[in-house]
Amino acid sequence: MNTQKKDFVLCFVFMLLLAVGLALCVLLPKEKYSGSERRMLSPMPELSAESVWSGRFMSDFEDYATDAFPFRDAFRRVKALTALHVFSRKDNNGIYASEGFLAAMEYPVNEASLAHASERFRSVCRKYLTEENKVYLSVIPDKNCFLAEESGHLSMNYEDIEKQMADRADFAEYIRISDLLEKDDYYRTDTHWRQEKITDVAERLAQKMGTTLSQEYETHTLEQDFYGVYYGQAALPVPPDQLQYVMDAAINSCRVYDWQNNREIPVYDLERAEGRDPYEMFLSGPISLVTIENPGARTDKKLVIFRDSFGSSIAPLLISGYSQITLADIRYIHPDLLEQFVDFEGCDVLFLYSTLVLNHSETIK
Amino acid sequence: MLFSSISFLYYFLPLALMLYFAVPKRMKNAALLLSSLIFYGWGEPKYVLLMGVSVLLGFGFGLLIERYRKKRTGRIFCMISVSVSLSFLLCFKYADFFLGNVNALTGWKLPLLHLALPIGISFYTFQIISYTVDVYRGEAAQKNLIHLAAYVTMFPQLIAGPIVRYRDIAGQLTQRTHSFQGAAMGIRRFVIGLAKKILIANQLGELCGAFRTSEEKSVLFCWMYAVSFTLHIYFDFSGYSDMAIGLGRVFGFRFMENFNYPYISASITEFWRRWHISLGTWFRDYVYIPLGGNRRGRKRQLMNILLVWMLTGFWHGAAWNFIVWGALFAVLLTAEKLWLLERLEKSRILSHIYTLLLVMISFVIFNAEGMEQACSDLAGLVGAGGIPLVSAEALYALRSFGIVLLAGGIGATPAVRNLAGKITENPAGGRILNLLEPAVLMVLMLVMTAYLVDGSFNPFLYFRF
């Protein structure tokens, strides 16, 4: 091809790219929701003299143009692959892949946040608990604990976090569970741990809190694929997870009450397993206050768990050791309101939090 | 509107090109003006009026200056025109700086204006000044308002240069040709500029951002920041200039070059011949030479150099660190002029190290948010304040951005251009390059689109000037 032809071809292809891009941007139907990113996409802004004069139309249009771009997910994947394989970036938007796992880098340790969390826990204890209540604290390491250092990513000192939390929470007995966990106990594409892999963690907690569990679990596997929260953020081609849940007689017979919405809910909401965040199948996801009653319990022990989302999947494993478990998520309900719903008398109390929440505890009320 | 945005690439640009090439020749400047006003209004709808007033005043004063050029009145009109243009700049860009400093010195509490900086005001004001001064110096005034407005507001170079001088472009406003060859050159330049911006500058900007937010400063991290910002500002700004020059070429204009591999310079004097050429030559022709240049003795010349470089620094931003940045170059250029230049010529390697080191230090000052941060960043380079030599974050950043830094380092030299030149010298190599070039450029476009769709880091540094 001579230079003249090349110039013509270059002009033609460039103009064609712009024209086809414009046509597709304008003509293709627009998605309202991005399943992979789990968020609503920006709509076409309203055109008015006021919105144009104020500049709002233009700034909103920039968001719309990016969100509504044709084949958005494919382009995001091209970007992720280019960043990782061409530029050898160690992460893409803070998400990295290692040994088939996706994880969001968590660094550095936010000591002020750990202090804030422990102060909030102390304040709950002061308000509601007496010396008769047994109080426990356990820290769940996020999966970076098992992936980051080995793969050359920034890694927090998890032992130090546990020590700091144990020292600060001198009102609670610390139960160590990190020694029972490994990377395979977490979903490959999601933040959370796998319920079927943490029965030993539940057993450790129960044993330390002075109760026993049935441990006669039956594992069920959902047919549909589970694409966790990191899958969409990373935009990398990794295989999906399989979502599993365990059943035993106690779980089968217990009743769950959602105080936030005043309704009974199932332990495992299989409809939510098909929704935008399948992990929400465990106790119906982010609900501020839930009570699980175990009518067949051979004990009258009660437990209140102050928890984050990791608590949703472990609580059913603990129910066979209690007559009632209450789960309070004080990110969504102010602790001062709990007295309207929870009787702490004679209850054991467990503060069970992941390092992800403890390191960003500004959400804890 | 950013060149590196979906709204520009896939909405504005195709529509602007269609409009421009669809209208007859006599309407092309009007089409360009309309596109430029939409482009500017997209980001600053209210400030379109300010720009319009500036253009109208420039047009009117141009006619008056031409009419009275040979009389004293012409000089007065020229001075009024320059003063009015500068007053807009002073009001919108520098008022709060002066008020703040007066308050700090006197203890007064004069209220600050808090005016938003109109994008590109530094660039289009200088273009209007160049127009009226050129007319005063003998250039024919533009009789067609649309032609002049199209020149001042031309969207490819409106908001971040290069500063196109009227006398360089006056002929092209009315008589320019369009060809596939010119358009292809422009497209090539545009795509390369976009790649410099999106693939290199934005990623280096992420590294600078990571340094700024890090609580684990270390000597290594401070040096990585200095290196990455030095590369970042080059790829960001020269990328924009490439895009501007490329788009101008598609529309039939030939803008002056703005960068010529500045980091291969062997002295600061050479660096400023290669860096932001349009600004350097503007200050030379419209400030340094009118002040007397080197024609009134060494002492006056050195004073002129100091003044011009402090103004150059001040042009970049209304803050003391920019003035110090400019003054630093004044001192260095003076030192080179007086005795250093001869010594630098003795060792090419040492002179490169000297130049890069000082340029890097200057950009650390340049990018600081005030002198306090500048001093702290500079202190970090020598480990002052008890910071460690290395930190985990620095090592991670080095591993994660190593390739980008390497690509930036190589891309800042003419190595790639020279390699391409060598390949094209061979007929077979030339044929292969011809065949590959359109495909490579289009793949680059798609990859850059992917980066934009992913919505990564994307501000242009020179928009704030």
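Right, B:Tyr451: surrounded by 15 or more Cβ atoms within 10 Å (Cβ to Cβ), touching a Leu at 6+ places or on another chain (Cβ under 6 Å) and facing chain A (nearest Cβ under 9 Å) or not? Full working, then the answer.
Details: surrounded by 15 or more Cβ atoms within 10 Å (Cβ to Cβ): yes; touching a Leu at 6+ places or on another chain (Cβ under 6 Å): no; facing chain A (nearest Cβ under 9 Å): yes.
No; evaluated as a whole, the condition is false for this residue.
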Legend entry - For A:Ala250: the one exception among (1) at pLDDT 95 or above; (2) in contact with a helix residue (DSSP H, G or I) (Cβ under 8 Å, 6 or more places away or on another chain): (1)
Legend entry - Residue that is over 14 Å from the mean Cα position of the chain (by Cα) and not in a helix (DSSP H, G or I), where the choices are B:Glu215, B:Glu270, B:Glu206: B:Glu215
Inset, instruction - Go over the candidates A:Ile175, A:Ile95 one by one and state the one that is under 30 Å from B:Leu406 (Cα atoms) and among the β-branched types (Val, Ile, Thr). - result: A:Ile95
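Yes/no per residue for (1) among the charged types (D, E, K, R); (2) in contact with a Pro (Cβ under 8 Å, 6 or more places away or on another chain):
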site	(1), (2)
A:Glu264	yes, no
A:Val267	no, yes
A:Glu271	yes, no
A:Phe282	no, yes
A:Val290	no, no
A:Glu293	yes, no
A:Arg298	yes, no
A:Leu303	no, no
A:Asp308	yes, no
Inset, instruction - Return yes or no: is A:Ser284 assigned to a helix (DSSP H, G or I) and among the small types (Gly, Ala, Ser)? - result: no
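Please go through the range A:24-49 and pick out each residue that is part of a helix (DSSP H, G or I) and more than 9 Å from chain B (Cβ to nearest Cβ).
Filtering the range A:24-49 down to residues part of a helix (DSSP H, G or I) leaves A:24-27, A:49.
Matches in the range A:24-49: A:Leu27, A:Ala49.
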Inset, instruction - Can you confirm whether the range A:179-188 contains a residue that is of a type in the set (A, V, I, L, M, F, W, C) and part of a helix (DSSP H, G or I)? - result: yes
Inset, instruction - Identify, by number, the condition in (1) within 14 Å of A:Leu358 (Cβ to Cβ); (2) not in a helix (DSSP H, G or I) that A:Asp160 doesn't meet. - result: (2)
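Residue-by-condition table, conditions (1) free of Cβ contacts under 8 Å to residues at least 40 places away in the same chain; (2) farther than 23 Å from A:Asp142 by Cβ; (3) crowded, with 16+ Cβ neighbours inside 10 Å; (4) in contact with an Asp or Glu (Cβ under 7 Å, 6 or more places away or on another chain):
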{"position": "A:Ala234", "(1), (2), (3), (4)": "no, no, yes, no"}
{"position": "A:Ala250", "(1), (2), (3), (4)": "no, yes, yes, no"}
{"position": "A:Tyr257", "(1), (2), (3), (4)": "yes, yes, yes, yes"}
{"position": "A:Asp277", "(1), (2), (3), (4)": "no, no, yes, no"}
{"position": "A:Ile287", "(1), (2), (3), (4)": "no, no, yes, yes"}
Inset, instruction - Would you mention how many residues in the range A:194-214 are in contact with an Asp or Glu (Cβ under 7 Å, 6 or more places away or on another chain) and over 30 Å from A:Gly94 (Cβ atoms)? - result: 3
Inset, instruction - Examine the range A:189-211 for a residue that is assigned to a loop (DSSP other than H, G, I, E, B), within 14 Å of another protein chain (Cβ to nearest Cβ) and under 30 Å from B:Leu395 (Cα atoms), and state whether such a residue exists. - result: no
Inset, instruction - Return a yes/no flag: does the range B:229-246 have any residue that is of a type in the set (S, T, N, Q), within 12 Å of the chain's Cα centre (by Cα) and within 28 Å of B:Phe211 (Cα to Cα). - result: yes
Inset, instruction - Could you please find all residues in the range A:318-346 being without any contact (Cβ under 8 Å) to a residue 24 or more places away in the chain and within 19 Å of A:Pro286 (Cα to Cα)? - result: A:Leu337
Inset, instruction - Please name all residue pairs, on different chains or six or more residues apart, with Cβ atoms under 7 Å, provided the first residue is in the range B:10-33 and is more than 15 Å from B:Gly248 (Cα to Cα) and the second residue is outside any helix (DSSP H, G or I) and among the hydrophobic types (A, V, I, L, M, F, W, C). - result: B:Phe12/B:Met1
Legend entry - B:Pro290, sole failed condition from (1) in a loop (DSSP other than H, G, I, E, B); (2) touching a helix residue (DSSP H, G or I) at 6+ places or on another chain (Cβ under 7 Å): (2)
Legend entry - Verdict on A:Leu16 being under 30 Å from A:Val238 (Cβ atoms), more than 7 Å from chain B (Cβ to nearest Cβ) and not in a loop (DSSP other than H, G, I, E, B): no
Legend entry - Any chance A:Tyr257 is closer than 22 Å to A:Leu102 by Cβ and not in a loop (DSSP other than H, G, I, E, B): no
Legend entry - Test: residue in the range A:86-103 that is over 22 Å from the mean Cα position of the chain (by Cα), in contact (Cβ under 8 Å) with a residue 12 or more places away in the chain and more than 9 Å from chain B (Cβ to nearest Cβ): no
Inset, instruction - Of all residues in the range A:128-150, count the ones that are among the basic types (Lys, Arg) and assigned to a helix (DSSP H, G or I). - result: 0
Inset, instruction - Only residues in the range B:90-115 that are more than 29 Å from B:Phe126 (Cβ to Cβ) count as the first member; pair them with residues that are modelled with pLDDT of 90 or more and part of a helix (DSSP H, G or I), Cβ under 7 angstrom, at least 6 apart or cross-chain, and list the lot. - result: B:Trp108/B:Val102; B:Lys109/B:Asn103
Inset, instruction - Taking the options A:Ser155, A:Ser178, name whichever one is crowded, with 20+ Cβ neighbours inside 10 Å and touching a Cys at 6+ places or on another chain (Cβ under 8 Å). - result: A:Ser155
Inset, instruction - Would you mind telling me which numbered condition in (1) touching a residue at least 60 places away in the same chain (Cβ under 8 Å); (2) more than 14 Å from every other protein chain (Cβ to nearest Cβ); (3) touching a Ser or Thr at 6+ places or on another chain (Cβ under 8 Å); (4) in a helix (DSSP H, G or I) A:Cys125 fails? - result: (3)
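Does B:Gly386 satisfy the condition of being modelled with pLDDT of 95 or more, out of contact with any helix residue (DSSP H, G or I) (no Cβ under 8 Å at 6 or more places or on another chain), surrounded by fewer than 16 Cβ atoms within 10 Å (Cβ to Cβ) and more than 15 Å from B:Ala226 (Cβ to Cβ)?
Values: modelled with pLDDT of 95 or more: no; out of contact with any helix residue (DSSP H, G or I) (no Cβ under 8 Å at 6 or more places or on another chain): yes; surrounded by fewer than 16 Cβ atoms within 10 Å (Cβ to Cβ): yes; more than 15 Å from B:Ala226 (Cβ to Cβ): yes.
When the stated conditions are applied, B:Gly386 does not pass them.
Checking the conditions here, which among B:Leu173, B:Leu158, B:Leu145 is within 14 Å of B:Asp242 (Cα to Cα), more than 12 Å from chain A (Cβ to nearest Cβ) and surrounded by fewer than 23 Cβ atoms within 10 Å (Cβ to Cβ)?
The match here is B:Leu158.
Just checking, how many residues over the range A:223-245 are out of contact with any strand residue (DSSP E or B) (no Cβ under 8 Å at 6 or more places or on another chain) and either assigned by TED's automatic domain parsing to the domain that holds A:Ser36 or part of a strand (DSSP E or B) (or both)? Break it down stepwise before answering.
First, pick out the residues of the range A:223-245 that are out of contact with any strand residue (DSSP E or B) (no Cβ under 8 Å at 6 or more places or on another chain): A:223, A:229, A:237, A:239.
Filter again for either assigned by TED's automatic domain parsing to the domain that holds A:Ser36 or part of a strand (DSSP E or B) (or both), leaving A:223.
Qualifying residue count for the region: 1.
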Inset, instruction - Please go through the range B:1-48 and pick out each residue that is more than 11 Å from every other protein chain (Cβ to nearest Cβ), assigned to a helix (DSSP H, G or I) and small (Gly, Ala, Ser). - result: B:Ala22, B:Ala30, B:Ala31, B:Ser35, B:Ser36
Inset, instruction - Could you list, in sequence order, all residues of the range B:176-216 that are of a type in the set (Gly, Ala, Ser) and within 11 Å of another protein chain (Cβ to nearest Cβ)? - result: B:Ser179, B:Gly182, B:Ala183, B:Ala184, B:Gly186, B:Ala210, B:Ser214
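The values are calculated or read from the model by the stated rules, or taken from the named source; none is laboratory data. Remember, predicted model here, so these are calculated numbers, not experimental data. Cβ: placed from backbone, ideal geometry, glycine included. Neighbour counts: every protein chain shown.
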